[in-house]
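What follows is calculated from the coordinates using simple rules that are stated; it is not laboratory data. Treat the numbers as computed from the prediction; the structure is a model and nothing was measured. Quick reminder, even Gly has a Cβ in these numbers, built from the backbone with ideal geometry, and neighbours come from all protein chains shown.
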Amino acid sequence: MALCKSLWWNRQLIFQMTKREVIGRYRGSVMGLLWSFFNPVLMLAVYTFVFSVVFKARWGASGSGSKTEFALVLFSGLIVFNFFSECINRAPGLILNNGNFVKKVVFPLEILPVITIGSALFHFFISFIVWVIFYLVFFGAPPITILFLPLELLPLVFLTTGLCWFLASLGVYLRDVTQVVSVLTTVLMFLSPIFYPLSSLPEKYHIFLFLNPLTHIIEVIRNAMFWGQLINPRIWLFSVVLSGLVAWLGFAWFQKTRKGFADVL
């Protein structure tokens, strides 16, 4: 109840600060918010060239083998991971970088990770629009299952928010967390089925990938975006409940440990 009340009571503040963060990231640049569109386009072009031209990678037996298909399949997994990594890498420094809110102002500190999530979601949907444009140009209308993407994003959002609350608090007491998280997210990128299909690995290694919570989420979202497959409703409900539990535990941890923030800072 405390979690829901905090988000509801501070909804206007969350919106305004998220908007300020998105605009502030590009303030002073010539193209401004247009960079949020060009960045994913350039990223898509670079990854396509490196993996499909240099390494001549193809997307398993289920794909047609075209470079365009490989680029779009890769990018659908990459935008999921980029959302996660952007939030997680910033989380340990959220309180440290906003010490003025801790010491001088009565401020709902628990919304800082939510603002980060909101900013990352904005960039996720910009990248998603880029993906849709490319898909329309090369393959026509995307599958109807793409309309269920907001629902399939819920487990990712809940999981990431919970981890951000936990890491934001932990980062105050253990300054090394930032470096550890940076290394772990790099490892997770290559242990997630982003650049290769899960089927390309021998079955004995599947267990290691499924220990990665992003594996299932990436597969589900990619299946909906490109292959036109929907997740089983029971599996989706289980994912929502489990990720919601992570969010609740992260919020509880944050609220229990926030009393010492001012003393440490």
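Observations
- Between L151 and A2, the contour length at 0.36 nm per residue exceeds the Cα-Cα span by 51.3 nm.
- Prolate/oblate/rounded call for the range 149-232, Cα gyration tensor, a/c under 1.5 rounded: oblate
- The angle between the Cα long axis of helix 11-25 and the longest principal axis of the Cα atoms of the chain comes to about 60 degrees, rounded to the nearest 10.
- For the range 251-258, 3J(HN,Hα) computed residue by residue from phi via the Karplus equation (6.51, -1.76, 1.60; θ = phi - 60°) reads 5, 4, 4, 4, 5, 6, 9, 5 Hz, glycine and proline entered as x.
- Computed from Cα positions, the angle between helix 67-90 and the longest principal axis of the chain comes to roughly 10 degrees.
- Counting only alpha carbon atoms, the long axis of helix 213-222 and the longest principal axis of the chain meet at about 50°.
- Placing dummy labels 7 Å off each Cα toward the beta-carbon, the span from L191 to E203 is 2.3 nm.
- Extent along the principal axes, Cα only, for the range 89-244: 54, 36, 30 Å, with the longest axis given first.
- Distance between the C-alpha centres of the range 90-124 and the range 211-230: 29 Å, rounded to the whole angstrom.
- Label-to-label distance for L230 and L184 is 3.5 nm, based on points extended 7 Å past Cα in the beta-carbon direction.
- Neighbourhood charge, 12 Å Cβ-Cβ cut-off, centred on L112 and excluding it, Lys, Arg +1 and Asp, Glu -1: 0
- Eligible lysines near K103 by straight Cα distance, threshold 19 Å, same-chain separation 8 or greater: K256, K259
- With neighbour counts taken as other beta-carbon atoms within 10 Å, the residues L147, L33, L214 rank, fewest first, as L147, L33, L214.
- Hits among aspartates and glutamates - C-alpha to C-alpha of K5 under 16 Å, sequence gap 8 or more where chains match: E110
- Take every Cα pair under 8 Å whose residues are at least 6 apart in sequence, average their separation, divide by the length of the range 48-198, and the relative contact order is 36 percent.
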